[in-house]
1. Looking at A:ILE219 and the list (1) in contact with a Ser or Thr (Cβ under 9 Å, 6 or more places away or on another chain); (2) more than 10 Å from chain B (Cβ to nearest Cβ); (3) among the β-branched types (Val, Ile, Thr), which single condition is not satisfied?
2. I'm checking my understanding of the structure. Among residues of region B:113-130 that are of a type in the set (A, V, I, L, M, F, W, C) and within 11 Å of chain A (Cβ to nearest Cβ), which one is farthest from A:LEU273 (Cα to Cα)?
3. Within 11 Å of chain A (Cβ to nearest Cβ), part of a helix (DSSP H, G or I) and either modelled with pLDDT of 85 or more or crowded, with 23+ Cβ neighbours inside 10 Å (or both) - does that describe any residue in region B:197-218?
4. Here are some conditions: (1) within 23 Å of the chain's Cα centre (by Cα); (2) not in a helix (DSSP H, G or I). B:GLY159 meets all but one. Which one does it not meet?
5. State the number of residues belonging to region B:244-261 that are of a type outside the set (A, V, I, L, M) and over 14 Å from A:VAL134 (Cβ atoms).
6. If we keep just the residues of region A:184-195 that are surrounded by 12 or more Cβ atoms within 10 Å (Cβ to Cβ) and under 35 Å from the mean Cα position of the chain (by Cα), which is nearest to A:ASP120 (Cα to Cα)?
7. Out of the residues in region A:131-147 that are surrounded by fewer than 23 Cβ atoms within 10 Å (Cβ to Cβ) and more than 7 Å from chain B (Cβ to nearest Cβ), which is nearest to A:LEU225 (Cα to Cα)?
8. Checking the condition under 18 Å from the mean Cα position of the chain (by Cα) and modelled with pLDDT of 85 or more, which residue from A:LEU228, A:LEU200, A:LEU264 passes?
Amino acid sequence: MSEPIAIHAPLTSRVGVAGFTVGIVIVGIIAVAAITGNQLVPHDAFTQDLGNRLKPPFWMEGTQAGHLLGTDQLGRDYLARLVYGARISLLIGIMTVITSGLIGITLGVLGGFFGGRVDDAVLFAITTRLSIPVVLVALAVVGLMGSGLGLVVATLGLLLWDRFAVVARATTMQIRGLDYVNAARCAGASTLHLLVKEILPNIASHLAVVATLEMALAILLEAALSFLGLGVPPPLPSWGLMIAEGKDYMFFSPWVIMVPGVALFILVLGINLVGDGLRNLLGSERSR
Amino acid sequence: MLLLIARRLGLGLLVALTVMTLAFMLTRLSGDLAISIAGPSATQADVEIIRKAYGLDRPLYVQFFSWVGRAMVGDFGQSYFFKDSVSNLIARRLPITLTLGLVGLSLALIISIPLGILAAVRENTWLDRGVTMFTMVGQAIPSFWLALILMIVLGLNLGILPISGTGTWQHFVMPGIVLAFTAIPALTRLTRSGMIEAMASDYIRTARAKGLSRARIIFKHALRNAAIPVVSIAAVQLGFMLGGSIVIETVFALHGVGYLGWESIAKNDFPVVQAVVLVLAAIYIGLTLLSDILNALLDPRLRTG
C-alpha cells in the first residue's frame, strides 16, 4: 500500500563514498551561495532595467558585462535571481522536512511501538494520505487561500509525511522488542523516555535518508506549484516561477528556462546523492 | 480470499469517506464561498442571491451530507463555470487522463524492466552503476522542465511532434514520455532489487544445480518472482501518475481531468475541485485494491489477509 521505496543494495564503498562526497559538495556550494548571495552578486534580484531585457549569459554572443547569467524579461539580473531562488528552494525544503518529519515520525513511532489499535489508526492515516492526490490538493489549498511561502511550506508539510511514517513505523517495530529496550523498561523507564531516548536515536539514521528524499521531493513540488502560478508569489524568484516566466521566451532564448532548470536539477541531484550515500553507509554498517 | 477482498473493500470505502470529508473541508478553507463566487464587484444583495442559489445558506453539516449522499450515486452537482454537470465534465475528460496514464505506464515498464534486469544480472559492474546513476538523474529532473525541453527539441527544432493540444495520437507522445520518466527511476530500482533478491534464493540455486541455462534461469525462474512486487507497484504507480499528470496536462494543454482540476482551482469552481480530488483518490483506492488482489493471486502466502 505504500509508495515505492526502492531498496537498494550497497554499491562498492569506493563509488558510494564518491557519490556522497559529490552530493555534499553540491549542496554545500548551493547553500553557501544562498546564504552569502547578495554580498557576492553585484546586482539586486528585484531591480528592473527595461532597456536591458533578455540579455544572454556569458557564453553566448551579445552578452553584457556585469550580468554573468544575463537578464530576464524585465531586465533583472539572472544570477542575482538564481541565487535568491536557491534560498527559497532550500528554505522550503528544510521547513517542509521539519514539519512533515514531526508529523510522520510521531505517527510512525507511536504505531510501531504500541501496535494494535494505535497501529491500525496510523496505518489508516497513511493509507488515506497516500490516496490523496498531492499536487492537486496543494494547488487547491494555495489557489483557495492565496499564495505565499508560509502556506506552501505548511501545505507540503501536511502532505509529505507518509514516507517518514512508513519508515519510522517499520524500524520501530524491528527494535521495540530488542534487549536494550526491554532492559530500559525493566529499569522503570517511562514510555516517553523509551520512545525519545531509546527508540528515536536508533532509528534516526534511517529517518535521515527519508529526510533527504523528502527534501528533494518538496523542492521539486514547490517548483512545480510555482511553475503553475500557485506557489511562491512573484516577484520572489522561485526557480519554478523563473521557468514559468521564461516559458514565453523559451523558443527564442532557450537559456531563460535552461539556467533555473539546470540549477534545480543539480540541487535535487546533490540532495539525492547525499541520501543515497547515507543509505549505502547504513547498508554496509548493517552487514558488518 | 473472499474475506481478504471484503476487508480491503471495507477499508477502501472508509478511506474514500475520509477523503470526501477532507475534500469538503478543503474547499471551505477559503472562507466565504459566496463572496469568492460573486467576484469583487458584487454587491451585498448579489452575494445573498448566490448564497441562496447554491445552497450555501444551509448549515455546513447539511451541505456536507447532501453532497456525500448525491456523490455516492455519481451526482457531483453543477459546475459554476462550465454550465454543465460535474459528472459530465469528468466523464468527458477522464478518457484523456487514462490514455495518458496508460501510455506513460507502458513506456515506463518497457524501459525500466529490462534496465532493472540488466543491472541485477551484472550487479556491481559499471553497467549496474550506470543504471543506478541513470535513475538518480531521472529522479532529479523536474517533469515540467523536461516537458519544456522536449517541446523545444522535438516540437520546434526537429518539428516532428505537436507542441500542445489534444487532437491526435501524436499529442500523447511527448506527455507520455514525460509521465513515463516520473515512474522509471522507482520501477527500475524495484526490478533491480527484486531480481537481485530472487537470484540469491534457494530455488535459483536448485535451478543452477539442475544445469539449466542462464537465460532460462533469469527469465523463467527469477523474473517471475521478481515481477510480483513490480506488478503490484505498477498498479499503485499508475494511481500516482494519474494524480501527478496534472502538471504535465497543464504544460501540454492536454484537456484531461488534471487540467480540469487546474482550471477549476483558478476559477473557484469548487464542486469540480471536490469531485476531481475524489475521483483521483477513488481511482488510486481502486488500483491498490486491485494490486492487493493481484498479489494474493500471485503469491498464495498473502491470501490469509
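The values are calculated or read from the model by the stated rules, or taken from the named source; none is laboratory data. Model, not experiment: these values are computed from the prediction. Quick reminder, even Gly has a Cβ in these numbers, built from the backbone with ideal geometry, and neighbours come from all protein chains shown.
1. Evaluating A:ILE219 over (1) in contact with a Ser or Thr (Cβ under 9 Å, 6 or more places away or on another chain); (2) more than 10 Å from chain B (Cβ to nearest Cβ); (3) among the β-branched types (Val, Ile, Thr) leaves (2) as the failure.
2. B:ALA120
3. No, region B:197-218 has no match at all.
4. Just one mismatch for B:GLY159, condition (1).
5. Number of matching residues: 6.
6. Of everything passing the filter in region A:184-195, A:LEU195 is nearest to A:ASP120 (Cα to Cα).
7. Selected residue: A:SER147.
8. Details: A:LEU228 fails: under 18 Å from the mean Cα position of the chain (by Cα); A:LEU200 fails: under 18 Å from the mean Cα position of the chain (by Cα).
Result: A:LEU264 is the single residue among A:LEU228, A:LEU200, A:LEU264 that is under 18 Å from the mean Cα position of the chain (by Cα) and modelled with pLDDT of 85 or more.
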